[in-house]
1. I'm checking my understanding of the structure. Among residues of the range 44-59 that are within 12 Å of residue 25 (Cα to Cα) and not hydrophobic (A, V, I, L, M, F, W, C), which one is surrounded by the fewest Cβ atoms within 10 Å (Cβ to Cβ)?
2. Which condition does residue 83 not pass, out of (1) part of a loop (DSSP other than H, G, I, E, B); (2) surrounded by 15 or more Cβ atoms within 10 Å (Cβ to Cβ), if it passes all the others?
3. Residues in the range 49-64: is at least one touching a residue at least 40 places away in the same chain (Cβ under 8 Å) and aliphatic (A, V, I, L, M)?
4. Could you tell me whether the range 75-96 includes any residue that is closer than 23 Å to residue 14 by Cα and touching an Asp or Glu at 6+ places or on another chain (Cβ under 6 Å)?
5. Are any residues in the range 18-56 farther than 22 Å from residue 109 by Cβ, assigned to a helix (DSSP H, G or I) and either more than 15 Å from the chain's Cα centre (by Cα) or aromatic (Phe, Trp, Tyr) (or both), and if so, which ones?
6. What pairs can you find where one residue is in the range 100-112 and more than 13 Å from residue 87 (Cβ to Cβ), the other is loosely packed, with under 11 Cβ neighbours inside 10 Å and not β-branched (Val, Ile, Thr), and their Cβ atoms are less than 6 Å apart, with a gap of 6+ or different chains?
7. Quick one: is residue 63 more than 19 Å from residue 118 (Cα to Cα) and either surrounded by fewer than 19 Cβ atoms within 10 Å (Cβ to Cβ) or under 13 Å from the mean Cα position of the chain (by Cα) (or both)?
8. What is the number of the single condition among (1) closer than 19 Å to residue 16 by Cα; (2) modelled with pLDDT of 95 or more that residue 52 does not meet?
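The values are calculated or read from the model by the stated rules, or taken from the named source; none is laboratory data. Computed from a predicted structure; not experimentally measured. Note that each Cβ is placed from the backbone with ideal geometry, even for glycine, and that neighbours are counted across all protein chains shown.
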Amino acid sequence: METLTTTFQLKEEQISSDEIIIAAFRTMNLHILEENLDEDKKYEDKSKWLFLAKLRDKFQWFKEKGDTELTIKQGKCGWCNKGENGFRMVGNNSGKWTSYLIIKDKEHGEIIDLIECNTFIEEGKRNLLDDF
């Protein structure tokens with residue numbers, strides 16, 4: 001079985017783990033996520049497999065709304081994990097959305113968690129929570 005890092009290559013250079021994760025979300029591809037998420041880590045305080053089950057249900061919800069892929073918009077958390085990078089996924093037909101943060105180890109830069117974010121601010125947008 002071919003791994004994602006050999007499947008997704010740009011000009012013979014491997015793309016970053018962030019780009020792999022975002023590509024998997026964009027295409028709603030659980031197989032890519034399964035191949036690239038660490039078995040020993042927890043995601044949203046869940047095992048890899050429970051996290052993937054949650055995503056399967058979320059992807060199915062998008063598909064039931066008529067979405068075939070998700071448009072990705074970059075941004076950051078505006079409150080709980082303020083400043084952490086992430087992305088909003090918007091259904092290409094439904095316009096429905098959800099947002100996730102990519103939490104990285106500050107020293108090594110590796111992904112240590114993926115967290116759904118309800119206070120996500122897209123790049124270029126004003127954070128209204130700053131007024132409080």
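1. As a first pass, look at the range 44-59 and keep what is within 12 Å of residue 25 (Cα to Cα): 52, 55-56, 58-59.
Applying the additional criterion that residues be not hydrophobic (A, V, I, L, M, F, W, C) yields 56, 58.
Numbers: 56: 13, 58: 16.
Restricting to residues being within 12 Å of residue 25 (Cα to Cα) and not hydrophobic (A, V, I, L, M, F, W, C), the top hit is 56.
2. Looking at each condition in turn, residue 83 falls short on (2).
3. We begin by selecting, within the range 49-64, every residue touching a residue at least 40 places away in the same chain (Cβ under 8 Å); these are 51, 58.
Filter once more, so that each one left must be aliphatic (A, V, I, L, M): none.
Scanning the range 49-64, I find no residue that is touching a residue at least 40 places away in the same chain (Cβ under 8 Å) and aliphatic (A, V, I, L, M), so the answer is no.
4. Initial filter on the range 75-96 (closer than 23 Å to residue 14 by Cα): 85-87.
Checking the rest, the ones that are also touching an Asp or Glu at 6+ places or on another chain (Cβ under 6 Å) come to none.
Within the range 75-96 (the criterion being closer than 23 Å to residue 14 by Cα and touching an Asp or Glu at 6+ places or on another chain (Cβ under 6 Å)), the answer is no, since none of the residues qualifies.
5. 49, 50
6. Sorted first by the residue in the range 100-112, then by its partner, the pairs are 112/105.
7. Values: more than 19 Å from residue 118 (Cα to Cα): yes; either surrounded by fewer than 19 Cβ atoms within 10 Å (Cβ to Cβ) or under 13 Å from the mean Cα position of the chain (by Cα) (or both): yes.
It is true that residue 63 is more than 19 Å from residue 118 (Cα to Cα) and either surrounded by fewer than 19 Cβ atoms within 10 Å (Cβ to Cβ) or under 13 Å from the mean Cα position of the chain (by Cα) (or both).
8. (1)
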